[in-house]
Amino acid sequence: MQSCEPSGDSADDPLSRGLRRRGQPRVVVIGAGLAGLAAARALLQQGFTDVTVLEASRHIGGRVQSVRLGRATFELGATWIHGSHGNPVYHLAEANGLLEETTDGERSVGRISHYSKNGVACYLTNRGRRIPKDVVEEFSDLYNEVYNLTQEFFRHGKPVNAESQNSVGVFTREKVRNRIRDDPDDTEATKRLKLAMIQQYLKVESCESSSHSIDEVSLSAFGEWTEIPGAHHIIPSGFMRVVELLAEGIPPHVIQLGKPVRCIHWDQASARPRGPEIEPCGEGDHNHDTGEGGQSGESPQQGRWDEDEQWPVVVECEDCEVIPADHVIVTVSLGVLKRQYTSFFRPCLPTEKVAAIHRLGIGTTDKIFLEFEEPFWGPECNSLQFVWEDEAESCTLTYPPELWYRKICGFDVLYPPERYGHVLSGWICGEEALVMERCDDEAVAEICTEMLRQFTGNPNIPKPRRILRSAWGSNPYFRGSYSYTQVGSSGADVEKLAKPLPYAESSKTAHGSSTRQQPGHLLSSKYPEQSLDPSRGSMKPMQVLFSGEATHRKYYSTTHGALLSGQREAARLIEMYRDLFQQGP
């Protein structure tokens with residue numbers, strides 16, 4: 001039997017009690033992905049000793065998931081280090097020799113959608129025809145020219161006209177179509193092929209943005225995302241090695257796996273010294289009639305808090321453990337926030353933060369790895385791209401569930417074969433990816449094989465010997481792959497999402513309640529307006545902090561954005577307690 005009671009170390013552990021008397025803050029980090037690990041590591045390095053990381057799943061890494069099959073490592077999640085000049089992920093990997101085995105074919109400069117810059121992309125139609133190389137190159141040049149225009153609206157403050165609907169997809173589709181139709185040198189057949197290629201390119205763009213459709217990505221905000229200069233890199237031994245390097249600086253007892261959080265109760269300290277108002281778990285979850293530290297029928301908040309201890313934040317876990325804290329760093333994905341923000345925070349989030357969660361976008365991008373006994377593609381081919389000729393006039397990237405496979409934009413060839421074997425990596429995004437996730441491996445392998453046969457015109461392609469695929473959309477701990485600026489949102493929404501609670505201006509701004517008397521720890525003079533003198537009646541600042549890739553205004557959707565956001569929130573607390581740690585014991 002288990003009772004919802006506060007973690008015992010706050011009162012029973014003499015060391016913990018001593019640290020509290022000296023003003024050692026307790027920090028709980030929710031999530032052991034790159035953001036959470038980076039935050040915890042930074043805090044520990046700066047002298048914080050009371051740090052706990054709660055990870056819902058049974059492993060660290062978050063949206064980094066490296067799977068070892070035979071001699072090769074396949075990435076179901078994060079794959080590339082995007083850029084090298086000043087990228088903290090790159091420098092961490094390079095300093096620890098993780099890039100030494102990376103081949104030239106696994107490096108790329110500029111925007112990438114393929115694993116290898118070597119070889120050529122084979123554009124195939126659903127009629128089993130290969131589009132001529134010169135047609136592909138002409139279209140690619142045209143598309144890239146228009147794509148570069150999408151960056152101009154934010155970077156140079158250009159107005160967005162109503163016809164574009166402030167959508168990257170709508171703007172790009174119409175611009176490219178008009179230029180194709182106005183080209184006097186192309187035959188009607190060539191124009192038809194190029195028009196059909198638009199949809200294939202936009203599907204690739206949707207996968208890269210992790211949006212259901214690139215039509216949903218904001219044109220006015222698109223150029224704010226910033227690319228770090230330098231080559232992109234794949235880590236042959238697995239991206240998980242970066243995660244492991246971050247975790248090396250964190251004592252094992254700090255990270256608790258299999259510890260999902262139910263609710264964060266913030267602004268608690270002045271309400272009741274003994275703990276938050278937490279309703280007991282439902283009858284279907286646990287039995288709370290009795291439990292260690294409490295009598296039958298005892299209120300869960302009457303656990304093992306000291307009479308004189310007051311905590312501004314209390315983390316309620318799914319297993320009903322209740323952990324008091326001074327600060328909580330929330331690193332959960334935007335997908336989880338969208339699904340659970342109403343139940344995940346008590347009191348509720350500020351209106352503007354809720355609005356930002358709604359406006360920002362997150363979608364699902366999944367990979368489908370197919371391993372074959374022998375390659376059926378030529379040695380010069382680095383990808384097979386699927387162009388549906390009947391989509392030349394299409395204005396949507398949405399398909400009915402039974403046609404989910406049409407969202408697969410193509411398959412990349414993994415290089416080198418000496419490392420990976422004969423493997424293709426397919427890409428699918430959006431609602432169609434969620435349909436794919438609900439299918440079993442056999443059905444997905446069969447459909448992918450039929451598509452490969454249809455587009456190559458080779459009916460003898462065998463079924464793959466093995467299939468491996470991701471399922472980020474249906475994973476309850478992620479609910480998507482990574483974020484993007486949706487039509488109607490902007491970088492300002494990212495800033496609002498990242499803003500710590502309670503807001504510094506006043507507690508009324510935070511959640512509409514009156515200010516509360518709040519004792520607490522010694523603070524830096526940086527926060528004079530947040531004085532902890534009880535007579536001032538101020539709330540303790542930065543009770544709940546937010547990090548994760550969706551909270552980085554310029555590097556959202558990236559691993560370096562996630563890592564930097566964790567370091568950013570740790571830096572807030574390090575600065576806040578600067579005077580305390582400078583004094584020493």
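The values are calculated or read from the model by the stated rules, or taken from the named source; none is laboratory data. Model, not experiment: these values are computed from the prediction. In this analysis, Cβ positions are derived from the backbone assuming ideal geometry, glycine residues included, and neighbour counts consider all displayed protein chains. When the accessible area is computed, the model is the full protein with side chains, heavy atoms only, and any ligands, DNA or RNA have been set aside. Shrake-Rupley method; radii C 1.70, N 1.55, O 1.52, S 1.80 Å.
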* Structure fact -> Over the range 137-181, the set of residues farther than 25 Å from GLY488 by Cβ and open to solvent by 20 Å² or more (accessible area, probe 1.4 Å) is GLU137, GLU138, SER140, ASP141, LEU142, ASN144, GLU145, ASN178, ARG179, ARG181
* Structure fact -> The lone condition GLY223 fails out of (1) farther than 30 Å from GLU101 by Cα; (2) over 22 Å from the mean Cα position of the chain (by Cα) is (2)
* Name the single residue, out of those in the range 120-136 being touching a Ser or Thr at 6+ places or on another chain (Cβ under 8 Å) and outside any strand (DSSP E or B), that is surrounded by the fewest Cβ atoms within 10 Å (Cβ to Cβ). => GLY128
* How many residues, within the range 315-335, are assigned to a loop (DSSP other than H, G, I, E, B) and either open to solvent by less than 40 Å² (accessible area, probe 1.4 Å) or among the small types (Gly, Ala, Ser) (or both)? -> 5
* Tell me, which residue of the range 55-72 that is modelled with pLDDT of 95 or more and at positive phi is surrounded by the fewest Cβ atoms within 10 Å (Cβ to Cβ)? -> GLY61
* Do you know which of the residues in the range 336-350 that are out of contact with any helix residue (DSSP H, G or I) (no Cβ under 9 Å at 6 or more places or on another chain) and part of a helix (DSSP H, G or I) is most open to solvent (accessible area, probe 1.4 Å)? -> ARG339
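Only one of these is of a type outside the set (Gly, Ala, Ser), open to solvent by 50 Å² or more (accessible area, probe 1.4 Å) and modelled with pLDDT of 95 or more: GLU94, GLU101, GLU75. Name it.
GLU94
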* Is there a residue being assigned to a helix (DSSP H, G or I), assigned by the TED database to the domain that holds HIS327, open to solvent by less than 40 Å² (accessible area, probe 1.4 Å) and within 16 Å of THR331 (Cβ to Cβ) anywhere in the range 25-32? -> no
* Tell me which residues, restricted to the range 366-378, are free of Cβ contacts under 8 Å to residues at least 60 places away in the same chain and of a type in the set (D, E, K, R). => GLU374
* Test LEU424 against the stated conditions and say whether it is at pLDDT 95 or above, crowded, with 22+ Cβ neighbours inside 10 Å and assigned by the TED database to the domain that holds LYS463. => yes
* Go through the range 391-421 and give me each residue that's loosely packed, with under 15 Cβ neighbours inside 10 Å and of a type in the set (Asp, Glu). => GLU393, GLU402, GLU418
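Assigned to a loop (DSSP other than H, G, I, E, B), under 29 Å from ARG262 (Cα atoms) and not acidic (Asp, Glu), is that true of GLY61? Don't jump to the end; show me each part of the working.
On the way: assigned to a loop (DSSP other than H, G, I, E, B): yes; under 29 Å from ARG262 (Cα atoms): yes; not acidic (Asp, Glu): yes.
Against the criterion (assigned to a loop (DSSP other than H, G, I, E, B), under 29 Å from ARG262 (Cα atoms) and not acidic (Asp, Glu)), GLY61 qualifies.
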* So which residues in the range 167-198 are in a loop (DSSP other than H, G, I, E, B) and either touching a helix residue (DSSP H, G or I) at 6+ places or on another chain (Cβ under 9 Å) or small (Gly, Ala, Ser) (or both)? -> ASP183, ASP186
* **Matching residues, the range 379-406, being in a loop (DSSP other than H, G, I, E, B) and touching a residue at least 24 places away in the same chain (Cβ under 8 Å)** => PRO379, GLU380, TRP388, ALA392, GLU393, SER394, CYS395, THR396, LEU397, THR398, TYR399
